[in-house]
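**Q** This is the structure I want to talk about, given as structure tokens.
The values are calculated or read from the model by the stated rules, or taken from the named source; none is laboratory data. What you are looking at is a predicted structure, and each value in this text was computed from that prediction instead of being measured. Glycine gets a Cβ as well: all are built from the backbone with ideal geometry, and neighbour counts include every protein chain shown. To get the accessible areas, we keep the full protein, side chains included, count just its heavy atoms, and leave off ligands, DNA and RNA. Shrake-Rupley method; radii C 1.70, N 1.55, O 1.52, S 1.80 Å.
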Amino acid sequence: MQRNASTDELYFVTLTVIDWIDIFTRRYYSDFIIENLAWCQQNANLNIYAYVIMTNHIHMVANVTDGSLGDVLGRFKSFTSKELYKMIADNTQESRREWMLKAFDRAGKQNPLNEKHQLWQNGNYPVVLYTPAVIEQKIDYTHENPVRAGFVGSAHEYWYSSANPESPLKVTW
């Protein structure tokens, strides 16, 4: 089922790496994602109210000022997929390089929407946040994700999260 995100509403979205491959255990790749989300904020009208980058997925509470959230996220995923693939292929220090590239190549061949490889799962699965209580619940869910995973004891300790006051990505709120 296709769900389109209109401009004027706030959404909870999840971007997931195919096969739940843990790419973002490396700071190098996570920093690249931060740079590109910041670019989207500055150049593509993306408003991020909360976010977390986990090892194999990203959660965000977001919308766009003008345009389509789905279009912005689609362009983000397309660009970052190609660039992350290159980064992994060129990283001779990446111990997981061979099997990750094979997995991305296999996924790309199985999906007629791709030219070569696939890094992100199809879809963003936007969930409209229709009340202040639902917005608060999804922000809490986003921020508590690394705590539930056992990475940190408190949400504000996780670097790649808007719960951290020194987060490398600034949010709209």
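**Q** Just Ser81, Ser154, Ser30 to compare: in a GNM of the chain, with alpha carbon springs under 10 Å, which one fluctuates most?
**A** Ser154
**Q** Sticking with this structure for a sec: Which option, (1) 10.2; (2) 23.2; (3) 26.2, is the value of mean projected area of the Cα convex hull in nm² that was calculated from these coordinates?
**A** (1)
**Q** Let me ask you something else. Which angle from 0 to 90°, rounded to the nearest 10, does the C-alpha axis of helix 97-110 make with the longest principal axis of the chain?
**A** For helix 97-110, the angle is close to 80 degrees.
**Q** Could you give the angle, 0 to 90 degrees to the nearest 10, between helix 132-148's Cα long axis and the longest principal axis of the Cα atoms of the chain?
**A** Compared with the principal axis, the helix lies near 40 degrees.
**Q** Next question, about the same structure. Return one whole number: the accessible area per residue of the chain in Å², for a 1.4 Å probe.
**A** 53 Å²
**Q** What shape does segment 116-173 take by its C-alpha gyration tensor, where a ≥ b ≥ c are the square roots of the eigenvalues and a/c under 1.5 counts as rounded, a/b above b/c as prolate, and the rest as oblate? Each step should come with its number before you reach the end.
**A** Numbers: a/c = 1.70, a/b = 1.16, b/c = 1.47.
Taking the square roots of the gyration eigenvalues as a ≥ b ≥ c, segment 116-173 is oblate.
**Q** Do any GluC sites (Glu not before Pro) in segment 79-154 lie in a loop, going by DSSP, with at most 10 other beta-carbon atoms within 10 Å of their beta carbon, and if so which? Mind dumping the intermediate values first?
**A** Working: sites: Glu83, Glu94, Glu98, Glu115, Glu136, Glu144; in loops: Glu94, Glu115.
Taking segment 79-154 and a limit of 10 other Cβ atoms within 10 Å, the loop GluC sites (Glu not before Pro) found are Glu115.
**Q** Could you grab the relative contact order for the chain? Cα pairs under 8 Å, six or more apart, rounded to a whole percent.
**A** Details: 264 pairs, mean separation 52.4, N = 173.
Result for the chain is 30 percent.
**Q** How tilted is helix 27-43 with respect to the longest principal axis of the chain? Cα atoms for both, answer in degrees (0 to 90, nearest 10).
**A** Taking the Cα atoms of the chain, the angle to 27-43 is about 50 degrees.
**Q** Of all accessible surface on the chain at a 1.4 Å probe, what whole percent is carbon and sulfur? Kindly include the intermediate steps, with their values, before the conclusion.
**A** On the way: 4640 of 9230 Å².
For the chain, the apolar C and S fraction of the accessible surface comes to 50 percent.
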